[in-house]
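Reading through the structure tokens given below for one structure.
All of the numbers you see were taken from the coordinates with simple rules; none came from a lab. No experiment lies behind these values; they were computed from the predicted model shown. Note that each Cβ is placed from the backbone with ideal geometry, even for glycine, and that neighbours are counted across all protein chains shown.
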Amino acid sequence: MADEKNEQPLRTLIVDDEPLAVERMQVICAKIPQLSVVGTASDGAAALRLVEALHPDLVLLDMTMPEVDGIAVARKLAGHDNPPAVIFVTAHDHFAVEAFDLDAVDYVLKPVAPDRLGRAIDRANARRGERAGAESEWLEELWVPHRSELLRIDVSQVGRIDAERDYVRLHVGTLEEGGRTYLLLQTIAGLEERLDPAEFIRIHRSTILRKDRIRGLRHDGLGVWSVELDDDEALRIGRTYLPKVKAMAGR
């Protein structure tokens, strides 16, 4: 029965305070068989009323609206027993941190490209039927700005995180795998709170490492310790973080 339900089009509510944006989204959605648009709203308050009345499976939600904005709407919906999936649609990439905190399915930048929205819909369908009881309390994915869109990165792919002022630099993959780095507007302390401590450890005020990247510890003398990584690089351990790193190694 679950498979039959997943074959049904997602009942979709479009929310945007710009009439032309709503019209354009309706045109795009009409060409996506997995969707059935059941209503539109031009502000956050109307969106919440329509969700109560129409019980949509999916909300395509603009971020910036007067009075009740997209973030406020998503927070309200997250408190529902059976909330609809949310895909944020916005002209701004700097709301990504708030978006992943609210467990949105995706974050699509305007102007919306049909193929990009199609990939977001595929994600919504893949998640269909999942509920909070099966979700981790820790971050499982991140959105990072890249060219004209936001990339979704699985946290398990991140091997190292470095602080760069109000940003963090995510090191994804290894050099042998053609690894890349991405900047995310987030503090390292804020990100540390959301990462699973069983998988990640902070070794310095500017560095978080995935534990399975650590090959060993090295004493450099005068109380100075370093971690040796799987690529032979050595990183100094900050004194504040040394006891926790040693405890990880059973010392």
(Q) Can you report the principal axis dimensions of the chain using only the alpha carbons, biggest first, rounded to whole angstrom? (A) 68, 39, 34
Q.
If each DSSP helix of 4+ residues adds -39,500 (n - 2.57) and the sum is divided by the residues in the chain, what number results at 222 nm, nearest 500 deg cm²/dmol?
A. -8000 deg cm²/dmol
Q.
As I understand it, the dipole of the range 155-248 uses +1 on the Cβ of Lys and Arg and -1 on the Cβ of Asp and Glu, about the Cα centre. Which of Thr240, His219, Thr181 lies farthest toward its positive end?
A. Thr240
Q) Does anyone have the angle between helix 19-30 and the longest principal axis of the chain? Alpha-carbon axes, 0 to 90°, nearest 10? A) 90
Q: Could I have the simple spin-label model distance between Glu192 and Glu140, label points 7 Å from Cα toward Cβ, reported in nm to one decimal?
A: 2.6
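Round to the nearest 0.05 the FRET efficiency obtained for Glu23 and His94 when R0 = 35 Å and r is the Cβ-Cβ distance.
Details: r = 26 Å, r/R0 = 0.75.
Here the calculated transfer efficiency is 0.85.
Within the chain, what percent of beta bridges assigned by DSSP are antiparallel, to the nearest 5? The partial results should precede the final answer.
Details: 34 of 53 bridges.
Just about 65 percent of them are antiparallel.
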Q) In degrees from 0 to 90, rounded to the nearest 10, what is the angle of the helix 114-127 Cα long axis to the longest principal axis of the chain? A) 80
Q: Give me the lysines in straight-line cross-link reach of Lys76: C-alpha distance below 22 Å, same-chain residues under 8 apart excluded.
A: none
Q: Taking the Cα atoms of the range 158-242, report the difference between the largest and smallest coordinate on each principal axis, in whole Å and largest first.
A: 36, 30, 24
**Q.** Estimated dipole of the chain in Debye, rounded to 20 [Cβ of Lys and Arg +1, of Asp and Glu -1, Cα centre]
**A.** 760
**Q.** Rg [Å, one decimal], Dmax [Å, integer] - the range 2-131, C-alpha atoms
**A.** 13.2, 39
